[in-house]
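One structure is given below, encoded as structure tokens.
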Amino acid sequence: MEIFESIFTRRSIRKYTDQEVKKEDVLRILQAGRWAPSGLNNQPWRFLVLKNEDERKGMLKSCTKYSRIIDEAKTLIAVFLDKSSKYHHEKDCQAAGACIQNMLLAAHGLGLGAVWLGEILNQEAQVHKILRTKTEELELMAVVAVGHPAEQGSSRRKDFEEIMIEPL
């Protein structure tokens, strides 16, 4: 897929079919994420993949108002920052955002649908408890839901006049 076409046509997909996501596709998505830029090339992201058969996946539904998305998605990817790898919190959060965007674009390029669930951060302590991860070692950045799309996403963008501080 040509890069601009991929960027301009990617949408957040929140409804999925019953078809499983292939392991090779999950690995390609993770590969795209790990190639994101990071300050000092510290690569602070860490991933935890949950497939349908993992009981923890179902338990995450209680951590977000988007429980239907978690239930329908065949794969969830929890994205964390490794606290021991961090050097600057804001820059590392930006790196995690770049990582997640790469993953979303990779999913789109593979014909899959995905959505970045950030609201789940409001329940980070509960997410750590469910996933059996350590809050002193990892900081939750997002959960990415992935599946075969059962809908087409839609979106609009603000005009340049609305987002430019000064005209070009």
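Taking the mean number of other Cβ atoms within 10 Å as a proxy for protection, how do you rank 83-89, 97-103 from highest to lowest? Walk me through the numbers on the way to the answer.
On the way: 83-89: 13.1, 97-103: 20.6.
Per-residue mean Cβ counts within 10 Å order the peptides as 97-103, 83-89.
Rounded to whole Å, give me the distance from the Cα center of segment 11-65 to that of segment 150-164.
Taking the Cα centre of segment 150-164 as reference, the centre of segment 11-65 is 24 Å away.
Normalised by the number of residues in the chain, what is the relative contact order in percent for Cα pairs under 8 Å and 6+ residues apart? Spell out each step's value before the answer.
Numbers: 284 pairs, mean separation 58.0, N = 168.
Relative contact order, the chain: 35 percent.
Where does the charge balance sit around LYS61 when Lys and Arg score +1, Asp and Glu -1, over other residues with C-beta under 11 Å from its C-beta? Mind dumping the intermediate values first?
Values: positive: ARG56, LYS57, LYS65, ARG68; negative: ASP71, GLU72.
Summing Lys/Arg as +1 and Asp/Glu as -1 gives +2.
Sort all Cα-Cα distances of segment 13-150 into consecutive 5 angstrom bins from zero, then give the percent of pairs in each bin up to the one containing the longest distance.
2, 11, 22, 23, 21, 14, 6, 1, 0
Readers should treat all values here as calculations from the given coordinates under stated rules, not as data from a laboratory. In this text, all values refer to a predicted model and were calculated from it rather than measured experimentally. All Cβ positions, glycine included, derive from the backbone under ideal geometry; neighbour counts span all protein chains shown.
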